[in-house]
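K.L.:
I have a structure here, written as C-alpha cells, and I will follow up with some questions on it.
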Amino acid sequence: LNGSQDSTWVKKEIKQALNGKQVVSEHYLNYPGFSGYIQSVYNPIRNEDYEVTGVAVFITDITARKKFEAAIQSANANLSAIMESTSDRILALDLNFRYLAFNKTHAESIKQRSGKTIHIGDNILEILPPPLADIARTETTKAFQGKQFTIETNLPDGRVLETAYNPIYNEKKVVGAALFIRDVTERKETERKLKELNDELQLH
C-alpha cells in the first residue's frame, strides 16, 4: 500500500492503534489481484508494563456481505411498502437464523404470543417457543439448501398457519431465506365443513 491512495488511511489507523486504541474499519480496495471490501481490525500489542509495542492487524474480505447489504438497502423502500401492505407475516433470515427484515404484522404476532419485542439481528430460534423453533429450524434449513416449498403448521391453540419458504440468493449463492406466513384457519375450517357436507350428500 506504500504510496497508494490507501496508504493514508492505513497509516492513520495504525497510528491510532499505536496510541492504544482498537480500531475497526471498512474500506473498498481496487487492485489487479483484488477488488472488493475489507474489514480491518487493529489491536494494540502491549508489553508487561502495558506499553504499546506494536499492532496486530486482522483483515477480512467482506465483499459478499456488503453486496447483500447494498441490495437490501436499495430495495428497502419498495420492500417496506410491499411488506406493510399485506396482512401476511413476512420475514427474512440470514444463514444464522437472524432477522434481516420483518413486517409489522409479524412483529405484532410475536409480541402477542410471546410478549417479546423483536429487532433486526435477533435470532428467531431464541424468540419462538421450543416446538415452533424446532419446526422453524428444520424447515428454514431446507430453504438454506435452495429448496422452495410451502407447509402447513397446526398451532396449539387450533389455528393453522401456511408458510412459504423461499431461498434468498446473492449471485447464485443462498444467503438467507424469506418466509411468508398466512393464517389459513378459516379457510381450513371452511374446507372441513364443505367436506362434511359433501360426505353427507354422497350418503343420501
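K.L.:
Kindly indicate the residue of region 1-21 that is at pLDDT 90 or above, at negative phi and assigned to a loop (DSSP other than H, G, I, E, B) and also surrounded by the most Cβ atoms within 10 Å (Cβ to Cβ) among those meeting that condition.
P.N.:
Looking at the filtered set, the residue picked out is Lys21.
K.L.:
At pLDDT below 70 and under 14 Å from the mean Cα position of the chain (by Cα), is that true of Arg98? So that I can check it myself, show each step before the final result.
P.N.:
Values: at pLDDT below 70: no; under 14 Å from the mean Cα position of the chain (by Cα): yes.
Here the answer is no, as Arg98 does not meet what is asked.
K.L.:
On to the next question. Given the criterion within 18 Å of Glu162 (Cα to Cα), surrounded by fewer than 19 Cβ atoms within 10 Å (Cβ to Cβ), more than 13 Å from the chain's Cα centre (by Cα) and at pLDDT below 90, identify the matching residue among Ser87, Ser109. If you could, list the steps in order and put the result at the bottom.
P.N.:
Details: Ser109 fails: at pLDDT below 90.
Exactly one of Ser87, Ser109 is within 18 Å of Glu162 (Cα to Cα), surrounded by fewer than 19 Cβ atoms within 10 Å (Cβ to Cβ), more than 13 Å from the chain's Cα centre (by Cα) and at pLDDT below 90, namely Ser87.
K.L.:
Here's something else I'd like to know. Mind checking which residues of region 90-99 are part of a strand (DSSP E or B) and open to solvent by less than 50 Å² (accessible area, probe 1.4 Å)? Before you say what the answer is, go through the steps one by one.
P.N.:
The initial filter retains those residues of region 90-99 that are part of a strand (DSSP E or B), namely 90-94, 98-99.
Passing the criteria: Ile90, Leu91, Ala92, Leu93, Asp94, Tyr99.
K.L.:
Ile38 passes all but one of (1) farther than 30 Å from Glu171 by Cα; (2) open to solvent by less than 60 Å² (accessible area, probe 1.4 Å); which number fails?
P.N.:
The number of the failed condition is (1).
K.L.:
Continuing with the same structure: Let me confirm something: among Ile135, Ile120, Ile124, which residue is open to solvent by less than 40 Å² (accessible area, probe 1.4 Å) and touching a residue at least 12 places away in the same chain (Cβ under 8 Å)? Can you show your working first?
P.N.:
On the way: Ile135 fails: open to solvent by less than 40 Å² (accessible area, probe 1.4 Å); Ile120 fails: open to solvent by less than 40 Å² (accessible area, probe 1.4 Å).
Among Ile135, Ile120, Ile124, only Ile124 is open to solvent by less than 40 Å² (accessible area, probe 1.4 Å) and touching a residue at least 12 places away in the same chain (Cβ under 8 Å).
K.L.:
Determine if region 158-169 includes at least one residue that is open to solvent by less than 80 Å² (accessible area, probe 1.4 Å), among the aliphatic types (A, V, I, L, M) and within 14 Å of Leu100 (Cα to Cα). If you could, list the steps in order and put the result at the bottom.
P.N.:
Step one: filter region 158-169 for residues open to solvent by less than 80 Å² (accessible area, probe 1.4 Å), giving 158, 160-168.
Now narrow it down to the ones that are among the aliphatic types (A, V, I, L, M): 160-161, 164, 168.
Now drop any that are not within 14 Å of Leu100 (Cα to Cα), which leaves 168.
Yes, that holds for at least one residue.
The values are calculated or read from the model by the stated rules, or taken from the named source; none is laboratory data. None of the values given here were measured: they were computed from a predicted structure. Positions of Cβ are generated from backbone atoms using ideal geometry, with glycine treated the same way; all protein chains shown enter the neighbour counts. Keep in mind that these areas ignore ligands, DNA and RNA; they rest on the heavy atoms of the full protein, side chains included. Shrake-Rupley method; radii C 1.70, N 1.55, O 1.52, S 1.80 Å.
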